[in-house]
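The structure appears below as structure tokens.
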Amino acid sequence: MIQSGKINSQYFAKVGHERNRFLEGKEVDTTVVPREFIDSWQRCRAYGLAPYTLDYRDVDSAQKKELFQTMVRKYEFFLKNVFNIFDLNGYIFKLQTKEGISQFLGKSTLTFMDCSEEKGGTTSSCVCLHEDKPIIIFQPFYYRQAYIKHFFGELHGASAPIHNEQNKVIGALSLLAHKPELSVQAYHLISQIAKLHDNLYLPIMLGYENQIGQIINCLPQGVALISEKNIIKFYNEKIADLLEINGRKHPEHDLKKRLSKLGKSKGVDLEQSSYEIKDDLTNQTLKLVQLVEKSESGRPLSKIERNNDLFTFQQIKGSSPSIQKAKDTAEKIADTLVPVMIYGESGTGKEMFAQAIHSASNRAGSPFVAINCGAIPGELVESELFGYEGGSFTGALKDGKIGKIEAASGGTLFLDEIESMPLKDQIKLLRVLSAGKVQKVGSTTEISVDIRLISATKTDLLMQADEGLFREDLFYRISTFVINLPALRERREDILLLAEEFSRRLQKKYDKSSVSMDQGFINALTAYKWRGNVRELEHAMEHAFIMLGRGAALLPEHLSVKIQEAYQSRITEEVIDETLEEENEHKFGLLALAEQKMIERVLDSVNGNISAAAERLGINRRTIHRKLQRKESSTTF
């Protein structure tokens, strides 16, 4: 095709010959024409597209033009900067949507074109959209040769697909030229440009959108964004809580319904206000709805009253001595400023305790800022904690960013998984705690801050210090008080209490009432080891509620297979132990005795219901009756 930078004219002639054979209805040589172009020719023929006409298709649909313009506006920053990053002299830069609407970008004055395969025939854009891969094209491959030459002259080039956040194709970018020698370079260039869009620009853009969403979710007010057609574009978690639509199958529908019929909810009035904002991307006017809680007196709620999403000590359930000791210690130190270290396995409720301490302190009306050091890449911990000045590093926001420490000033900073904090940041944190000042990345000045620090870890930090992974001086600075949270397996007496609490919450979430727990279900919960602690129990209860369907009683089979198998293994082990202990007291052999014990255990778990026991054991009711009669007869001797 191209040899030493020169076009192999014989190859082009062969392609032209094969195209003529195709138009005559003859078989095409796939060693000459790539399969994807043959497939496109076949689709064009199936569309009934005439290969020799000069029909030019403008886009006369205002809706299609608007869709194209919306896409251009959305990616305008990227498309404009393509010309700054890459040297596109000698090329025509084109954008085509998945629907086929196309326009040359840059200095071109050409209007919108319908370049879909159904109308324009085989092009690199159409083939790459269909194949979802970069495609190079030369003049002989076009299905409508006369049309291309008449309007654009000799045209060669390449196209590459671009994708959205769901990795679905949304369009194609093309570089076209009048010299075939430029096609190979166009192929490499357009492939790089498309990769730049998918792998760099799109993640950055989505990252900012996600960040904004997270910020809005932190607001104490409920917020919803509604389109002109009354479609919910966005809503935050707070408004879902206020209108009690969390966990529903159709939350957007319920949100619109509740907003139109606002009343009192749990004795707290909801004050609604709305504002009109302009969406520059779609040129639509959107309505921003805001809900604010008011107390019974009608005044806006105070910061403390609004901060009701944080846990309190009353919500920490448990009667075991170990959890009571932890709660007692936490309550005593809540209203002090001493640093607190909470130690416990994953899922034991470390952040719940941290929130409860904050809620019981004199800082309850001030910010509670939580950050999981283990969930942030090491190189980003510094900027997240301490903030940064604008332009202090590549990718920094123009106006800089406030750090979590500064955001928590006047309130409480909770550092979860503090063992994951890089050593260099531990030094800076030590400075903040000793001097009460924080210095942003890229700044030469310090800002005074007033924070109450609560840290949490699941590892032995002194052992980490011995290994050089954690600063020993920081450990002693942050652990004036250490609260040890017990694993759930160490407080089995609390399992039922916690399960009942989760049941009450889930009945409300899933709009159920009077859901009971079967004794076998309770036994399965108490027998399990709960490596994931309270969090795993909560998830197990929600799994059971979902599997319950329209039933009224939670049964062992509503639990996950893992928990069911653990329960069955536990029963089997206990039966074997009891059998071995009683072997000499019975005339029957070990196997018969074990069988009898198993039946008794299962009957106990289903409150003596023989039908339920038979189903669980996989035998019929007669067999159970016969086994029980044999037991009774053996006791008469």
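Laboratory data are not the source of any read-out in this text; all were calculated from the coordinates shown. Because the structure is predicted, anything quoted here is derived from the model rather than measured. Glycine also receives a Cβ, built like all others from the backbone with ideal geometry; neighbour counts cover every protein chain displayed.
If you stretched the chain out fully between SER513 and LYS64, how much longer would it get, using 0.36 nm times the residue separation minus the C-alpha to C-alpha distance?
Result: 156.6 nm gained on full extension.
With N denoting the number of residues in the stretch 488-568, provide Rg(C-alpha) divided by 2.2 N^0.38 Å, to two decimal places. Walk me through the intermediate numbers first.
Working: Rg = 11.5 Å, N = 81, 2.2 N^0.38 = 11.7 Å.
Its radius of gyration relative to the 2.2 N^0.38 Å reference: 0.98.
For the stretch 2-205, give the share of DSSP beta bridges that are antiparallel, in percent and rounded to the nearest 5; count only bridges with both residues there.
Percent antiparallel among DSSP bridges in the stretch 2-205 is about 100.
What's the magnitude of the charge dipole for the stretch 313-484 around its Cα centre, counting Lys and Arg as +1 and Asp and Glu as -1 at the beta-carbon? Answer in Debye, nearest 20. If you can, show how the numbers build up before the last one.
On the way: 18 positive and 22 negative charges, 89 e Å.
It works out to roughly 420 debye.
Per 0.36 nm of contour for each residue apart, how much would the distance between GLU565 and THR480 grow if the chain were fully extended, relative to their Cα-Cα spacing? If you can, show how the numbers build up before the last one.
Numbers: separation 85, 0.36 × 85 = 30.60 nm, distance 4.34 nm.
Roughly 26.3 nm would be gained on extension.
Place a +1 charge on the Cβ of each Lys and Arg in the stretch 488-568 and a -1 charge on the Cβ of each Asp and Glu, then give the dipole magnitude about the Cα centre in debye, rounded to the nearest 20. Present the calculation step by step, with values, prior to reporting the outcome.
Details: 13 positive and 12 negative charges, 36 e Å.
The dipole magnitude comes to about 180 debye.
For the stretch 315-390, take the alpha-carbon Rg, divide it by the Kirkwood Rh, and send me Rg/Rh.
Rg divided by Rh gives 1.04.
With each pseudo-label sitting 7 Å past Cα toward Cβ, what's the THR53-GLU379 distance in nm, one decimal?
5.6 nm
Given the stretch 313-484, what percent of its DSSP beta bridges are antiparallel, to the nearest 5?
15 percent
Any idea what Rg and Dmax come out to for the stretch 2-205 if you just take the C-alpha atoms, in Å?
Here Rg and the maximum Cα pair distance are 16.6, 51 Å.
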